[in-house]
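Worksheet: the structure to be examined is printed underneath.
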Amino acid sequence: DAEITQSPRHKITETGRQVTLACHQTWNHNNMFWYRQDLGHGLRLIHYSYGVHDTNKGEVSDGYSVSRSNTEDLPLTLESAASSQTSVYFCASKDGGIGELFFGEGSRLTVL
Amino acid sequence: KNEVEQSPQNLTAQEGEFITINCSYSVGISALHWLQQHPGGGIVSLFMLSSGKKKHGRLIATINIQEKHSSLHITASHPRDSAVYICAVVSYNTDKLIFGTGTRLQVFP
């Protein structure tokens, strides 16, 4: 069965360290998104991609980067983790337009 | 003003009650999703609508494209329905999701 998976599910790191959260989907979707979810803010878009080698900034992209070298993966990198980046991160993929939407299970990141 | 408005923000119900959550939006859309998130859990798309009505078990979702409004109904609510329900529209122009603020539902036995 096709799926979307995130790893790690839980991560504790220190301020200043580089962290990469993986997102892998087997739906063959072109569109992939990274969100963070915080109390009082709901889901906020960090970065998104419409296809291989395409990446775009979302509303809260500072301190984050993504790359899209293939259809299946959109890793999210925190170049120098900050305590303000403590959050739950969700990856999502969808087909264009009226296509189905799937979320990963979420990655809980704590920056100490 | 948010592009996607949900009401109510919080909702409590007794088991067995009929529940309605509303969503209004102000942008052109290609689809609307109703999402469910249990406490500490992942996010699941319950319905994707581009017109009309869909039913899955005790859940019914409707959309009126002309009025830019959608509703999610839960018949015979159960404590396991307790979750946050989020309305998300797919922007016709950008294909990005725009989220409502969510409705926190608690169903008591």
For chain B, modelled as a Gaussian network with Cα springs under 10 Å, which listed residue fluctuates most, B:Gln66, B:Gln37, B:Gln14?
B:Gln66
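Would you kindly state how much longer the chain becomes between A:Thr13 and A:Thr110 on full extension, computed as 0.36 nm times their sequence separation minus their alpha carbon distance, in nm to one decimal? If you can, show how the numbers build up before the last one.
Values: separation 97, 0.36 × 97 = 34.92 nm, distance 0.63 nm.
Fully extending the segment from A:Thr13 to A:Thr110 adds 34.3 nm.
Determine the shielding of peptide B:94-107 by partner chains: average, over its residues, the number of Cβ atoms on other chains within 10 angstrom of each Cβ.
Going residue by residue through B:94-107 and averaging, the value is 3.
Report the charge-dipole magnitude of segment B:52-109 in Debye, nearest 20, computed about the Cα centre from +1 at each Lys and Arg Cβ and -1 at each Asp and Glu Cβ. Provide the component values of the computation, followed by the final result.
Numbers: 8 positive and 3 negative charges, 31 e Å.
Computed charge dipole of segment B:52-109: roughly 140 debye.
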Farthest toward positive dipole pole in chain B [+1 Lys/Arg, -1 Asp/Glu at C-beta], among B:Ile65, B:Asn10, B:Gly40
B:Ile65
What shape does chain B take by its C-alpha gyration tensor, where a ≥ b ≥ c are the square roots of the eigenvalues and a/c under 1.5 counts as rounded, a/b above b/c as prolate, and the rest as oblate?
prolate
With just the Cα atoms defining each centre, how far is segment A:32-86 from segment B:5-28? Give it in Å.
29 Å
Output the peptides A:13-22, A:29-38, A:68-77 sorted from most to least packed, where packing is the average of other Cβ atoms within 10 Å over each peptide's residues.
A:29-38, A:68-77, A:13-22
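So which chymotrypsin sites (Phe, Trp or Tyr not before Pro) in segment B:1-63 end up in coil per DSSP with only 11 or fewer other C-beta atoms within 10 Å?
Listed in order of number, the matching sites are B:Phe18.
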Run the quick spin-label model on A:Ala2 and B:Glu15: label points 7 Å from Cα toward the beta carbon, then report their separation in nm to one decimal.
3.8 nm
Selection from A:Tyr35, B:His56, A:Gly99, by position along the positive dipole direction of the protein assembly as shown (Cβ):
B:His56
How big, on average over all directions, is the shadow cast by the Cα convex hull of the protein assembly as shown, in nm²?
12.3 nm²
Taking only Cα atoms and a 10 Å spring cutoff, compute GNM fluctuations for chain B and point out the largest among B:Thr94, B:Thr20, B:Thr12.
B:Thr94
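Can you give the convex hull volume of the alpha carbon atoms of chain A per residue, in Å³? Before the final figure, lay out the partial values.
On the way: hull volume 10.6 nm³, N = 112.
That works out to 94 Å³ per residue.
With +1 assigned to the C-beta of every Lys and Arg and -1 to the C-beta of every Asp and Glu, and no other charges, what is the dipole magnitude of chain B about the Cα centre in debye, to the nearest 20?
Numbers: 9 positive and 7 negative charges, 34 e Å.
I would put it at about 160 debye.
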If you place +1 on the Cβ of every Lys and Arg and -1 on the Cβ of every Asp and Glu, how big does the dipole about the Cα centre of the protein assembly as shown come out, in debye to the nearest 20?
280 debye
Report the label-to-label distance for B:Val44 and A:His41 in nanometres (one decimal), using points 7 Å from each Cα along the Cα→Cβ vector.
2.8 nm
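Bear in mind these aren't lab numbers, they're just calculated from the coordinates by the rules spelled out. The shown structure was predicted, so the numbers you read here are calculated from the model rather than taken from an experiment. Virtual Cβ from ideal backbone geometry, glycine too; neighbours counted across all protein chains shown.
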